[in-house]
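Worksheet: one structure, shown below.
The values are calculated or read from the model by the stated rules, or taken from the named source; none is laboratory data. Here the structure is a predicted model, which means the values were calculated and not measured. In this analysis, Cβ positions are derived from the backbone assuming ideal geometry, glycine residues included, and neighbour counts consider all displayed protein chains.
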Amino acid sequence: MTIKAGDKIPSVDLAIMTDDGPDTISTDDLFSGKKVAIFGVPGAFTPTCSAKHLPGFVNNADALKAKGVDTIACLSVNDAFVMGAWGKDQNVGDKVMMIADGSADFTKAAGLELDLMARGLGLRCQRFAMVVDNGVVSSIHIDEGTFEKTSAETMLGEL
Ligand code: BEZ
């Protein structure tokens, strides 16, 4: 079942790239005691994600933080090396945490799977955007096919 407003974020381990290589970050570390804007994309370096989705959150990072967001995070079913390289390519700096859900543990636990087997991309996550308050989902939007409801601009308008 897909995660919804009012649900607690599942407890799983994710990964980030650091100067010393990949490191584990638990969802408890990421979400506890914070307001987190997290968006998920079907794949690093893919056209819509690179041209629109991630840049929108980088460009609106200060505005989101001004509305009380502590952390902005981008999640994809890719490994930490890929997510780190994508963040560098997109100059995210410290504006957006690049989160690797390499084995899709979060994606599966949240019911956000996207089957792209037929296109050679395997199991990915749906394009989503969530606001999470201290580990509890306060809003979630999912885009199927188009890119409308999960943009930084939409989130900003709702905060
Ligand atoms: C995209 O443009 O975001 C995309 C393209 C192919 C597969 C997944 C995502």
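Odds and ends about this structure:
- Out of Ala37, Ala85, Ala66, sole residue that is away from the ligand (no atom under 16 Å from the Cβ) and buried (at least 17 other Cβ atoms within 10 Å of the Cβ): Ala37
- Close contacts from segment 105-125, counting a first residue that is at positive phi and a second that is at pLDDT below 95 and surrounded by fewer than 13 Cβ atoms within 10 Å (Cβ to Cβ), with Cβ to Cβ under 8 Å and a gap of 6+ residues or different chains, come to Gly111/Met1.
- Considering segment 5-105, the qualifying strands (runs of 3 or more DSSP E), each wholly inside and each with 1 or more residues that are under 14 Å from the mean Cα position of the chain (by Cα) and over 23 Å from Ser138 (Cβ atoms), run over 13-18, 97-100.
- Subset tally (residues that are away from the ligand (no atom under 12 Å from the Cβ) and crowded, with 19+ Cβ neighbours inside 10 Å) for segment 45-57: 2
- In segment 106-132, of all residues being basic (Lys, Arg) and either modelled with pLDDT under 95 or not in a strand (DSSP E or B) (or both), the one that is farthest from Thr71 (Cα to Cα) corresponds to Arg119.
- Residue that is farthest from the ligand (Cβ to nearest atom), among those in segment 133-158 that are in a loop (DSSP other than H, G, I, E, B), surrounded by 17 or more Cβ atoms within 10 Å (Cβ to Cβ) and not β-branched (Val, Ile, Thr): Gly135
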